[in-house]
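What follows is a single structure, written as structure tokens, with notes after it.
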Amino acid sequence: MRERSDEIHPMMEEKRLQELLVAARKQRDKTLEKEITRKLVTLYVYQGEYFKMGDKPDTKIARRYLEKAQQMQKYHPVANYRLGYLYYRNREFTKAVSFFERALDGSLDEELNDTQRMLANMFLVNCGIKIAKEAIQEINDIEGNVYTELEMERIEQYKNEILVLDEEIFNKMFYRKIENGKEEKIGEYVFINFKPEKNQVLLKKSDHGMEIHFQDFEPISLNPKAFYTTYGIVTARSSRTYRELQEIASNGCGQEVSDDYLRQIIRRLSRDLPYWGQIVETTSIVHPETRRTIAAIKLADKYSACVLCRVEDFLPD
């Protein structure tokens, strides 16, 4: 998605399209009505994504726009996918399931791309596991209540059909740690309590946001573009050019990050992170095609990086 310089423009466009839609309905022009509806839905989905992933995310406004889109096209795959994600992040897993399933079903005119289909299925798996965990906990609570009157014979009959009764099995499936290029599945306790080594930069992505941790400094929150830019720098095996970082940040956010905006991000990072000059090394390399000297950046040699995130979180190459 492109950077927006004019906050009024989408509102004006929405008003214009709504007026055209009213006129098309009066004229009973079904073809025109369908085309304008498609444009309005696209605008609402765009706005929903903007408020979900912007520098200052506002999930309430994002949901409002996505619900507008879904009201106009109930089976719009991307609108349902985005709504499912918002409910998932809000831990409303049952609601999230219905939206993800609708998104995967697609519509006659549109369907999710391959990445979205993969992620939607991953979210569905996690929703099922989360719902199962809550149900298992409820089972344990009822069984542990000495005042509960249970028909044990009947309960035992169906208990054998339950595939998993140990919720700890699920705890190992939700998080991952990426260190020195190696990925490891970790449980919730390790994820929450992990402490980086002395010369290690930690990037952490959770329900509470995105952060960078280093030594004894307080964790610093990063917006998505700054997070993925930093991720591109600290996980590089060799120096990365600004063009490469721009691509990584764009892929990570699902939004277009311009060259100028990337340079703004790096300037802000160097200003806001007191240890930036310590952990980052800037150098010059020769572009293989133009043979011109260009700037490149990487993590300083004496430091290592670790990334903690959820299993389903997308991390660009």
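Quick notes
- Once both labels are positioned 7 Å from their Cα atoms along Cα-to-Cβ, the gap between E153 and D58 label points is 6.2 nm.
- FRET efficiency, 1/(1 + (r/R0)^6) with R0 25 Å, evaluated for H208 and A135 via beta carbons: 0.50
- In terms of packing, defined here as the mean over residues of other Cβ atoms within 10 angstrom, the peptides 295-301, 199-205 line up highest first as 199-205, 295-301.
- Length gained when the stretch I192-S284 is fully extended (0.36 nm per residue, less Cα-Cα span): 29.3 nm
- Extension gain (nm, one decimal) between N199 and R117, 0.36 nm per residue minus Cα-Cα: 25.7 nm
- Least to most buried among E101, E138 (fewest other Cβ within 10 Å first): E138, E101
- Out-of-range pairs (alpha-carbon distance over 32 Å; input K39/K130; K39/K185; K133/K302; K133/K198; K133/K195): K39/K130; K39/K185; K133/K302; K133/K198
- Counting every alpha-carbon pair across region 22-164, the share separated by more than 19 Å comes to 62%.
- The chain, helix-only ellipticity at 222 nm - DSSP H runs n ≥ 4, -39,500 (n - 2.57), divided by all residues, nearest 500: -17500 deg cm²/dmol
- Projected label distance in nm at E179 and F217, using a 7 Å step from Cα toward the beta-carbon: 2.1 nm
- Values of log10 I(q)/I(0) for region 174-317 across q = 0.18 Å⁻¹ run -1.07, by the Debye formula with one identical scatterer at each alpha carbon and no solvent.
- Based on the Kirkwood approach, the hydrodynamic radius assigned to the chain is 22.7 Å, with every pair of different Cα atoms included.
- With neighbours defined as other Cβ atoms within 10 Å of a residue's Cβ, the residues Y147, Y81, Y275, Y189 order from fewest to most as Y147, Y189, Y275, Y81.
- Spatially proximal lysines relative to K34 (Cα-Cα < 30 Å; intrachain offsets below 8 disregarded): K15, K26, K52, K60, K68, K74, K95
- In plain terms, the residue of C309, C127 with the fewest other Cβ atoms within 10 Å comes first and the most crowded comes last, giving C309, C127.
Bear in mind that the values in this text are calculations on the coordinates, not laboratory data. Computed from a prediction, not measured in an experiment: that's the story for all the values here. Virtual Cβ from ideal backbone geometry, glycine too; neighbours counted across all protein chains shown.
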